[in-house]
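Presented below is the structure to which this report refers.
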Amino acid sequence: MKIGIIGGGTVATFLIKSINVDQRLPGCTVDSVFLRSADVAEAWERDYGTRAFTEMEAFLSSGIDIVVEAATVEAVRDYAELVISKRKDLVIISVGALVDQELYDRLNEICRQLGTHIHLPSGAIGGLDVIHSAMALGQLDEVSLTTRKPPASLLGRQLDAKEVVFDGTATEAISRFPKNINVAIVLSLAGLGCDNTRVKIVADPEATKNIHTIEAVGSFGKMNIQLENDPMPDNPKTSYLAALSVLSTLKKQTERISIG
Ligand SMILES: NC(=O)C1=CN([C@@H]2O[C@H](COP(=O)(O)OP(=O)(O)OC[C@H]3O[C@@H](n4cnc5c(N)ncnc54)[C@H](OP(=O)(O)O)[C@@H]3O)[C@@H](O)[C@H]2O)C=CC1
Ligand SMILES: O=C([O-])CC(=O)C(=O)O
């Protein structure tokens, strides 16, 4: 499987090191990357021997089988439709873009017409399988997410004491914190939707991890999951688990038996 990546940051670098350098996905290679700057593209070609494009059309015509978006919610808005229109399956990690119902419906319809697929990794959280099962007959009553991160990640500055910096719906949360709370949107899409999923964000000077607590109540019973995620050293906003979840989504594409 030939993989193309949009973006050249923390997740993209993790993927190319894991797949091309450490060969952790047999039969797969990162063949091409799409980057915004010619200098960065040159560095990627030099450092990893991969093809790097600054033109989206050229990137999509480079013979890749699947595209991984590892950039920003804006990049999803700008490129997702084009990628799937070219009949490429797409993995989206900046899931926050799909808070836009019109974009979601449009992408869904193109995939249906062309037989392509969009994969949304579980990212920095877990328990989506439970939420999905609970929703099979629509019997989910409440879902909430509480995220605790260091203030520098959320606010770009330090705080002396713990502060609730947001309390509201997933829809509002992603518009306020587009680089920190994509998890709220994947949780919403699996469950009750972005307007009915409650989100609390806490900036905690004592937090050394990115902590996500998910609570759900429905006819199945109750779920309470807490992730204490190690941050990626190069971008502490992003949890290591989020990068692993993209790798795992790619691995699933190569397997015949799917779990969960
Ligand atoms: N779903 C989830 O659970 C999680 C999602 N995320 C999301 O995953 C995404 C990637 O995270 P991470 O790798 O840590 O982020 P980084 O900030 O480390 O990297 C983002 C990269 O995207 C590039 N980029 C931005 N816009 C574009 C564009 N229009 N076209 C091409 N490249 C672009 C940037 O390049 P440049 O140098 O040009 O700016 C940069 O290289 C983020 O949106 C993040 O919020 C993160 C954690 C969890
Ligand atoms: O990585 C995390 O812990 C969560 C995150 O940044 C996001 O959901 O955008």
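Every read-out reported here was derived from the displayed coordinates using simple, explicitly stated rules and does not represent laboratory data. Since the model is a prediction, treat every value here as computed from it, not as a measurement. In this analysis, Cβ positions are derived from the backbone assuming ideal geometry, glycine residues included, and neighbour counts consider all displayed protein chains.
Among 11, 40, what is the fewest-to-most ranking by other Cβ atoms within 10 Å? Can you show the working numbers first?
Values: 11 26, 40 15.
Ordered by Cβ neighbours within 10 Å, fewest first: 40, 11.
Taking the Cα centre of region 65-136 as origin, work out the dipole magnitude from +1 charges on Lys and Arg Cβ and -1 charges on Asp and Glu Cβ, in debye rounded to 20.
In debye, rounded to 20, region 65-136 gives about 180.
For the chain, give me the percentage of DSSP beta bridges that are antiparallel, rounded to the nearest 5 percent.
Close to 50 percent.
Pairing the Cα long axis of helix 240-253 with the longest principal axis of the chain, what angle in degrees results, from 0 to 90 and rounded to the nearest 10?
Taking the Cα atoms of the chain, the angle to 240-253 is about 60 degrees.
Given charges of +1 on the Cβ of Lys and Arg and -1 on the Cβ of Asp and Glu, with all other atoms neutral, how large is the dipole of the chain about its Cα centre, in debye to the nearest 20?
Its charge dipole is roughly 420 debye.
Mind checking the full-extension length gain between residue 62 and residue 196? Use 0.36 nm per residue of separation minus the Cα-Cα distance, one decimal, nm.
Length gained, residue 62 through residue 196: 44.1 nm.
Lys/Arg Cβ at +1, Asp/Glu Cβ at -1, dipole of the chain taken about the Cα centre: which of 123, 48, 213 is farthest positive-ward?
So the residue we want is 48.
Taking the Cβ of residue 86 as the center, what net charge do the other residues with Cβ under 12 Å away carry, scoring Lys and Arg +1 and Asp and Glu -1?
Values: positive: 87, 88; negative: 57, 65, 81, 89.
Within the 12 Å Cβ shell, the charges total -2.
For region 153-208 and region 75-90, compute the distance between their C-alpha centroids and round to whole Å.
If you average the Cα positions of each part, the centres end up 27 Å apart.
Would you please give the FRET efficiency between residue 117 and residue 167, computed as 1/(1 + (r/R0)^6) with r the Cβ-Cβ distance and R0 = 30 Å, to the nearest 0.05?
Computed FRET efficiency for residue 117 and residue 167: 0.30.
Based only on other Cβ atoms within 10 Å, what is the fewest-to-most ordering of 111, 194?
111, 194
Angle check, please: helix 38-48 long axis (alpha carbons) against the longest principal axis of the chain (alpha carbons), in degrees 0 to 90, nearest 10.
80 degrees
With label points built 7 Å along Cα→Cβ from the Cα atoms of residue 258 and residue 1, find their separation and express it in nm.
1.1 nm
Within region 209-229, name every residue whose backbone N is under 12 Å away from a label modeled 7 Å from Cα of residue 139 along the Cβ vector.
218-222, by backbone N distance to the label point.
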